[in-house]
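The values are calculated or read from the model by the stated rules, or taken from the named source; none is laboratory data. Small disclaimer: the values here were computed from a predicted structure and weren't measured. Glycine gets a Cβ as well: all are built from the backbone with ideal geometry, and neighbour counts include every protein chain shown.
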Amino acid sequence: MDQFMQSGSSLLNLQLYRDTKNTFKIILFLLLLNDALGAETHTIKAVSVKEGNRFALRTGETEIQREDNILWMFGDERMLLAEVHLKNGIFETYDSDDGRFKGSLKLDKYTGSLIFHNTKSSHSGVYHMKIIKKTATIYKRFHVDVSGGGE
């Protein structure tokens, strides 16, 4: 009987080891899958532009999907500058409280990219883009530096 108990205990330990090993593999697979699908991707891109010129901050999308929600924000306080949510009929740019973006922003109607016209040094700073999709949320940051006189 003692030999059976020891044998049963060894079998139980072996089964627990296999279960733990398989659980670890499943968790690792899910983490890799989550990363591969881009569930949360953070990137930063530096953009330099001359004052008075036009430039665009690109979403990286080729076409806005009806369910996508795109938000463009500025600064550490993430002030909302533009929003796209076709399902709810939203396709808008907004000005800041200090008026620095008045008449300078447009959205690309196909990609949701943020387009700047007649740039000013006050447009320098960090821009945050967030795209909420059915399968993933994508984050991008752009550090924009607007320097003296356009060409």
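Scanning segment 66-91 for residues that are loosely packed, with under 13 Cβ neighbours inside 10 Å and either in contact with a strand residue (DSSP E or B) (Cβ under 7 Å, 6 or more places away or on another chain) or farther than 15 Å from PHE142 by Cβ (or both) yields ARG66, GLU67, GLY75, GLU77, LYS87, ASN88, GLY89, ILE90.
Kindly indicate whether any position in segment 39-46 is among the basic types (Lys, Arg), touching a strand residue (DSSP E or B) at 6+ places or on another chain (Cβ under 6 Å), under 20 Å from LEU114 (Cβ atoms) and modelled with pLDDT of 65 or more. There is at least one residue in segment 39-46 that is among the basic types (Lys, Arg), touching a strand residue (DSSP E or B) at 6+ places or on another chain (Cβ under 6 Å), under 20 Å from LEU114 (Cβ atoms) and modelled with pLDDT of 65 or more. For VAL146, the criteria (1) at pLDDT 95 or above; (2) surrounded by fewer than 17 Cβ atoms within 10 Å (Cβ to Cβ) hold in every case but one, which is (2). Check segment 98-120 and report whether any residue there is over 20 Å from LEU71 (Cβ atoms), among the small types (Gly, Ala, Ser) and in contact with a Ser or Thr (Cβ under 9 Å, 6 or more places away or on another chain). Within segment 98-120 (the criterion being over 20 Å from LEU71 (Cβ atoms), among the small types (Gly, Ala, Ser) and in contact with a Ser or Thr (Cβ under 9 Å, 6 or more places away or on another chain)), the answer is no, since none of the residues qualifies. Does TYR139 satisfy the criteria of being crowded, with 19+ Cβ neighbours inside 10 Å and not in a loop (DSSP other than H, G, I, E, B)? No. A Cβ distance below 9 Å, combined with a sequence gap of six or more or placement on separate chains, defines the contacts here; from segment 114-125, residues that are touching a residue at least 60 places away in the same chain (Cβ under 8 Å) reach residues that are part of a helix (DSSP H, G or I) in the pairs PHE116/HIS123.
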